[in-house]
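Attaching a single structure in structure tokens format; questions to follow.
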Amino acid sequence: MTQLYRLLKNNHKMTLSRGQPIDLYQIHFPNSWSNEAYWDGLADAYDLGLVKSVGVSNYGVDALRACHARLSERGIKLATNQIQMSLLYRWPIENGLLDACKELDVKVLSYSPLALGFLTGKYSKENLPSGPRSKIGEQLFQDGAYEELLKVMGDIAEKHDGTRSQVALNWAIAKGTIPIPGARNIRQAEQNLGALDWSLSGDEEKLLDEVSAKVTGFLTPDKNPFPRKDVNTGLTMYDS
């Protein structure tokens, strides 16, 4: 059974269970090989009417351009690239990935916009999260830059009668992305939704850019598990 056949069979099952085409069908992360076969699978699913639009996740600049070109050959638009981006994870801005998405008219779905909860203001030096995140917290609180970011976020939130979480989401929106925050309860869901009631000013966005750029200690791309290259073609698949 080929990868392409498995992809289409799985998609067909999901479409039948829903009774209608899937709105957005994405490749969840780049593969170490046969990436073009997966792109063809997306195109076939679209041509068969199984999906309304197709996208990718965690694709770097080179992979994004290659997938976009492959789909364009069949007259199909690459709709989305779902990538990690937040005030603490700015790599897509700094390495040109966000600009490439804008150039190709690919919508960015920014996941983890609250940076594992570190942009909500609920943690402190004395109250770190448990598990692996505790180490990240220790690193963030080392030099004061992270605390300065939280202070600026708090000041902006107070001005808009909002929360730090809403500041983080509105920053992601200001960058032209569609943030997809998690929510463990109704209160968090309502708080996330409240970000749509207001927006950052240009000066506020600029200030957040300046302050967040000084923060170190959060995750870096080399810590993520995604394949860097296609072993057969040499194409760089992931960069941030």
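The values are calculated or read from the model by the stated rules, or taken from the named source; none is laboratory data. Computed from a predicted structure; not experimentally measured. Backbone-built Cβ (ideal geometry, glycine too); neighbour counts: all protein chains shown. Ligands, DNA and RNA are excluded from the accessible area calculation, which covers all protein heavy atoms including side chains. Shrake-Rupley method; radii C 1.70, N 1.55, O 1.52, S 1.80 Å.
Restricting attention to the stretch 96-111, report how many residues are free of Cβ contacts under 8 Å to residues at least 60 places away in the same chain and assigned to a helix (DSSP H, G or I).
Qualifying residue count, the stretch 96-111: 4.
Counting just the residues of the stretch 186-236 that are β-branched (Val, Ile, Thr) and assigned to a loop (DSSP other than H, G, I, E, B), which one comes out most open to solvent (accessible area, probe 1.4 Å)?
Out of the qualifying residues, it is VAL231.
In addition: Out of curiosity, is SER72 of a type in the set (Ser, Thr, Tyr) and either at pLDDT 95 or above or under 12 Å from the mean Cα position of the chain (by Cα) (or both)?
yes
While we're on this one: Enumerate the pairs (first residue in the stretch 198-211 and over 15 Å from ILE173 (Cβ atoms); second residue anywhere and surrounded by 13 or more Cβ atoms within 10 Å (Cβ to Cβ)) with beta-carbon separation below 8 Å, excluding pairs fewer than 6 apart on the same chain, so at least 6 apart or on different chains.
LEU207/VAL152; LEU207/ILE156; VAL211/ALA145; VAL211/GLU148; VAL211/LEU149; VAL211/VAL152
If you don't mind, another one. With the checklist (1) out of contact with any Pro (no Cβ under 6 Å at 6 or more places or on another chain); (2) open to solvent by 40 Å² or more (accessible area, probe 1.4 Å) in hand, flag the one item TRP91 doesn't pass.
(1)
Within the stretch 192-206, is there a residue that is among the aliphatic types (A, V, I, L, M) and under 25 Å from ARG133 (Cα atoms)?
No, that holds for no residue.
Something else now. In this structure, does GLY121 turn out to be under 23 Å from ASN170 (Cβ atoms) and at pLDDT below 95?
When the stated conditions are applied, GLY121 passes them.
Given SER130, SER110, SER165, which one is polar (S, T, N, Q), open to solvent by 70 Å² or more (accessible area, probe 1.4 Å) and either closer than 19 Å to ARG90 by Cβ or modelled with pLDDT under 95 (or both)?
Just one listed residue meets the conditions, SER130.
Only one residue in ILE178, ILE156, ILE173 is open to solvent by less than 30 Å² (accessible area, probe 1.4 Å) and among the aliphatic types (A, V, I, L, M), so which one is that?
After applying the criteria, what remains is ILE156.
For the stretch 66-81, check the following and say yes or no: at least one residue is in a helix (DSSP H, G or I), hydrophobic (A, V, I, L, M, F, W, C), open to solvent by 10 Å² or more (accessible area, probe 1.4 Å) and touching a helix residue (DSSP H, G or I) at 6+ places or on another chain (Cβ under 7 Å).
No; the residues of the stretch 66-81 include none that is in a helix (DSSP H, G or I), hydrophobic (A, V, I, L, M, F, W, C), open to solvent by 10 Å² or more (accessible area, probe 1.4 Å) and touching a helix residue (DSSP H, G or I) at 6+ places or on another chain (Cβ under 7 Å).
Kindly provide the set of residues from the stretch 37-65 that are open to solvent by 40 Å² or more (accessible area, probe 1.4 Å), within 19 Å of the chain's Cα centre (by Cα) and more than 13 Å from ASP230 (Cβ to Cβ), ordered by number.
Scanning the stretch 37-65 gives a single hit, ARG65.
Filter the stretch 18-33 for residues that are touching a residue at least 24 places away in the same chain (Cβ under 8 Å), assigned to a loop (DSSP other than H, G, I, E, B) and open to solvent by 40 Å² or more (accessible area, probe 1.4 Å) and give the result.
Within the stretch 18-33, PRO21, ASP23, LEU24, HIS28, PHE29, TRP33 meet the criteria.
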